[in-house]
Amino acid sequence: MAQYDLIVIGAGPGGYVCAIRAAQLGMKVAVVEKRKTLGGTCLNVGCIPSKALLYASEMFEEAGHGLGALGVVVGAPKLDLGAMMKHKDETVASNVAGVAFLFKKNKIDWVVGEGRIAAPGAVVVKGADGKETALEAKAVVIATGSDVARLPGVEIDEKVVVSSTGALALAKPPKKLIVVGAGVIGLELGSVWRRLGAEVTVVEFLDRILPGMDGEVGKQFQRMLERQGFKFHLAHKVTRVEKAAAGAKATIEPVAGGAQIALDADVVLVAIGRRPYTEGLGLEALGVAMERGQVVIDAHFSTNVPGVFAIGDVVRGPMLAHKAEDEGVALAEILAGQAGHVNYEVIPGVVYASPEIASVGKTEEELKAAGIAYAVGKFPFTANGRARAMRHTDGFVKVLADAASDRVLGVHIVGFGAGEMIHEAAVLMEFGGSAEDLARTCHAHPTMSEAVKEAALAVAKRAIHV
Ligand SMILES: Cc1cc2nc3c(=O)[nH]c(=O)nc-3n(C[C@H](O)[C@H](O)[C@H](O)COP(=O)(O)OP(=O)(O)OC[C@H]3O[C@@H](n4cnc5c(N)ncnc54)[C@H](O)[C@@H]3O)c2cc1C
């Protein structure tokens, strides 16, 4: 029987990164993955294909509506959806092949099949042919990720009623798209198809979009999306989705009660969230403690069963690829006797719509709820020279700093390139930096990032350009 130091079940960003780091630290590692390719949800049907379509559709929109104002005159752009999907598929293929290369380089065994933990240290892998292979290891990591959360009574056929996976592969742009759920995935994929011609209506149970993000950011972003043509039914719930002769019909009603509204669509995207995925792992028989579908772990990623660990979407915390990756690294280092650690206070979150939204640390709502006195510094991109030069003046930077110590507690950016700019705030916060530290750091001119510096200056009411 094959013996390993570590067996990882699931080759998403949590699992594959954990495996690579463990191999770097000298462990003999196997990764069990039931999908035919490595990279998990993120590389196959998540982060990477969605960003390929977001970028391509943004270019389509830019060509149609943005270039003329810059003096670049082109004819009305034509959509070649086949070529756009090919770009997406090639992006996925090169990324998943990259992980396979890294496995070879690090001498990691890739075992194809569905893994089950038969006992601590014992994993049984069932191949597509039904044949079972037994593996043994000192440590086993559950990195099985998450799956689409379903609406009760609504069947997803991935053609008319789709999850994010189907929405990444529609055969043509829908004329009308209903997005159920105003979270990150719904707004990103809604943006893709809106840019490619769909009329997009978003139905959200809560009375705001992007729950969990800073309230002011959510409000302003909703107005921006409305200007782009998005329609919103907030505080509404979907009570029924029926397939019609062409497309589907959704019935919605106010959460507080009231008249029902019937909405027609060619495609309905169910994007109400994701749930931890542990099916077939044998966790119940093994006695692994679970809570609300998540595997319960301690501060060192250990479950209650010795030798069995868990990371990524399957455990508590934000369902984000980089959070899973950092947990993978930390766990591998802990298993090697080092001091692996994840700082959950500094995990950036990005919405890759137009403009982008990025945030790190606390929101104003969280600071208020915790009773922490804070100062706010804000700076709009309308006052930033580079933003004007690129006609990307939508949005602002908001810095939240502790009122007494000036330590930065949260940074929220709405604007072109926000997903890149947020990282200077993340590094600052990792080092416990203050708004003054950020404000005194020389920023190149002219850059969008100068707005981050100005927002930091604004905390002490000394911004220069507003
Ligand atoms: C449309 C979409 C867009 C997203 N965009 C972003 C983004 O831009 N940024 C971001 O940070 N996050 C994004 N996410 C979330 C991100 O994909 C997840 O947070 C991330 O993939 C979690 O990584 P993981 O390793 O925990 O699990 P996963 O990536 O879900 O990987 C788990 C793997 O385990 C395998 N598996 C499960 N059970 C077994 C078993 N018993 N045996 C063998 N294999 C098994 C699965 O096949 C899967 O490949 C997006 C998600 C979606 C759906």
Per the list (1) assigned to a loop (DSSP other than H, G, I, E, B); (2) farther than 24 Å from Leu189 by Cβ, residue check on Tyr4 breaks on (1)
The strands (runs of 3 or more DSSP E) lying wholly within the stretch 100-180 that contain at least 3 residues that are among the aliphatic types (A, V, I, L, M) and either surrounded by fewer than 22 Cβ atoms within 10 Å (Cβ to Cβ) or over 26 Å from the mean Cα position of the chain (by Cα) (or both) are 114-119, 122-126, 132-142
Restricting the stretch 141-175 to residues that are under 19 Å from Lys51 (Cα atoms) and of a type in the set (A, V, I, L, M, F, W, C), the one farthest from the ligand (Cβ to nearest atom) turns out to be Ala171
For the stretch 239-271, the count of residues that are among the aliphatic types (A, V, I, L, M), in contact with a Ser or Thr (Cβ under 7 Å, 6 or more places away or on another chain) and open to solvent by less than 50 Å² (accessible area, probe 1.4 Å) equals 4
The helices (runs of 4 or more DSSP H) lying wholly within the stretch 279-374 that contain at least 2 residues that are touching a strand residue (DSSP E or B) at 6+ places or on another chain (Cβ under 8 Å), open to solvent by 10 Å² or more (accessible area, probe 1.4 Å) and more than 16 Å from the ligand (Cβ to nearest atom) are 364-369
Per the filter on the stretch 279-328, residues on the phi > 0 side of the Ramachandran plot and out of contact with any Lys or Arg (no Cβ under 8 Å at 6 or more places or on another chain) are Gly287, Arg292, Phe301
Sole miss for Lys104 among (1) touching a residue at least 24 places away in the same chain (Cβ under 8 Å); (2) closer than 30 Å to Phe309 by Cβ; (3) more than 15 Å from the ligand (Cβ to nearest atom) is condition (1)
Given the conditions (1) away from the ligand (no atom under 16 Å from the Cβ); (2) closer than 30 Å to Asp298 by Cβ; (3) not basic (Lys, Arg), every one holds for Ala426 apart from (1)
Considering the stretch 25-51, residues that are of a type in the set (Lys, Arg) and over 20 Å from Leu281 (Cβ atoms), and then whichever is nearest to the ligand (Cβ to nearest atom), we arrive at Lys51
Taking the stretch 29-40 and keeping only residues that are open to solvent by 40 Å² or more (accessible area, probe 1.4 Å) and either in contact with a strand residue (DSSP E or B) (Cβ under 9 Å, 6 or more places away or on another chain) or farther than 20 Å from Ala97 by Cβ (or both), one is left with Lys34, Arg35, Lys36
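Here's the yes/no breakdown for (1) farther than 26 Å from Val288 by Cα; (2) not aliphatic (A, V, I, L, M):
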| site | (1), (2) |
| --- | --- |
| Asn95 | yes, yes |
| Ala100 | yes, no |
| Ile108 | yes, no |
| Val112 | no, no |
| Gly115 | no, yes |
| Ala119 | no, no |
| Val125 | no, no |
| Ala128 | yes, no |
| Lys131 | no, yes |
With the structure loaded, tell me whether Ala19 is more than 16 Å from Gly127 (Cα to Cα) and open to solvent by 10 Å² or more (accessible area, probe 1.4 Å) or whether it fails that test.
no
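Which members of the stretch 379-392 meet the condition of being of a type outside the set (A, V, I, L, M) and surrounded by fewer than 18 Cβ atoms within 10 Å (Cβ to Cβ)?
Across the stretch 379-392, the qualifying residues are Thr382, Gly385, Arg388, Arg391.
To keep it simple, each residue is scored yes or no on (1) free of Cβ contacts under 8 Å to residues at least 12 places away in the same chain; (2) within 25 Å of His392 (Cβ to Cβ); (3) crowded, with 24+ Cβ neighbours inside 10 Å.
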residue: Met1; (1), (2), (3): no, no, no
residue: Gly10; (1), (2), (3): no, no, yes
residue: Pro13; (1), (2), (3): no, no, yes
residue: Met27; (1), (2), (3): no, no, no
residue: Val45; (1), (2), (3): no, no, no
residue: Lys51; (1), (2), (3): no, yes, no
residue: Glu58; (1), (2), (3): no, yes, no
residue: Gly64; (1), (2), (3): no, yes, no
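The values are calculated or read from the model by the stated rules, or taken from the named source; none is laboratory data. These numbers come from a predicted model, not from an experiment. Glycine also receives a Cβ, built like all others from the backbone with ideal geometry; neighbour counts cover every protein chain displayed. Just so you know, the surface numbers come from the protein's heavy atoms only, side chains and all, with ligands and any DNA or RNA stripped out. Shrake-Rupley method; radii C 1.70, N 1.55, O 1.52, S 1.80 Å.
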